[in-house]
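Please read the structure below before turning to the comments.
The values are calculated or read from the model by the stated rules, or taken from the named source; none is laboratory data. As the structure is a computational prediction, the values presented were derived from the model and not from experiment. Glycine also receives a Cβ, built like all others from the backbone with ideal geometry; neighbour counts cover every protein chain displayed.
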Amino acid sequence: MEHEVIHKTKYVLGIECSNPSVRGVNRGEVAIAKLRGDGGLGFIGSMGLSEDARGSDGLMGAVDALCCEHGVRPADIERIAVSVGPGGYTALRVSVTVAKVLSAAIGCGVVAVPTAAVAGVALAVGDDSDDAVVALASKNGKAHCTRVVDGEFTVLGVVDGAEVTGCGAGVLVGDEHVPAEMIDAAKNVGMEIRGIELTGRACLEASVGFGEIDRGLLTPLYAREPDAVTQWRALHG
């Protein structure tokens, strides 16, 4: 007697909490999508983390609420896509830690999605200007920048306005903390200035271009070392 094969719907969970400064009234967003047979995703829904959400408890609460809302069980999650930065140190640590813990508990895969790729999703939708620089983790007149051209990414690193304008891109994308001198330099060469968009849905969409990795290798992408480390190095050599 042949046994009937039961095909269960599988899902992908997206976590985008990399840059709280971008979020406005919420501190991040989680999203869920169905994993199609062709490897593509069918977006289902998302949920923001409230302004008073703190640490892993707030993120785990949002994941639980989103899954309950759409009837998704932990065993149904095939992989977790997480925006790994650059961004805020605490936000990235919490996001990556939650993704690793959930992956281990569920037994699902993980995908590390550079935050510039998440921002790049919005740039590619209905827009003729697809050559842009995404500026993240701004500090001391510089920002961690990535050039996005036709969906391809080139990391420029932590650079100043002159290096941004010298790459030839037509758009500068960033949050309210992008250095004023970088914005002025961009405007002087005719670059368009746009606000950055980072959503759970964009994290899911961007994740399609990246393969799963060993959860032990999942780490935040920091633009620079933490201030505490820099200060310790200055004191102790």
Any hit, region 114-128, residues being of a type in the set (S, T, N, Q), under 18 Å from the mean Cα position of the chain (by Cα), at pLDDT 95 or above and surrounded by fewer than 21 Cβ atoms within 10 Å (Cβ to Cβ): no
One residue from Gly107, Gly55 being in the same structural domain as Gly216 (by TED's automatic domain parsing), free of Cβ contacts under 8 Å to residues at least 12 places away in the same chain and of a type outside the set (A, V, I, L, M, F, W, C): Gly107
Ala186 modelled with pLDDT of 95 or more, in contact with a strand residue (DSSP E or B) (Cβ under 7 Å, 6 or more places away or on another chain) and not in a strand (DSSP E or B): yes
Residues being farther than 18 Å from Lys10 by Cβ and assigned to a strand (DSSP E or B) - total across region 25-45: 4
Qualifying residue in region 39-50 (condition: surrounded by fewer than 24 Cβ atoms within 10 Å (Cβ to Cβ) and either of a type in the set (Phe, Trp, Tyr) or in contact with a Pro (Cβ under 7 Å, 6 or more places away or on another chain) (or both)): yes
Top-ranked residue of region 89-105 - restricted to ones that are hydrophobic (A, V, I, L, M, F, W, C) and under 18 Å from Gly200 (Cβ atoms), ranked as modelled with the lowest pLDDT: Ala91
Tally, over region 1-16, of residues that are assigned to a loop (DSSP other than H, G, I, E, B) and modelled with pLDDT of 95 or more: 1
Count of region 46-62 residues which are hydroxyl-bearing (Ser, Thr, Tyr) and part of a helix (DSSP H, G or I): 1
Meets criteria (charged (D, E, K, R), outside any helix (DSSP H, G or I) and surrounded by 14 or more Cβ atoms within 10 Å (Cβ to Cβ)) for Glu176: no
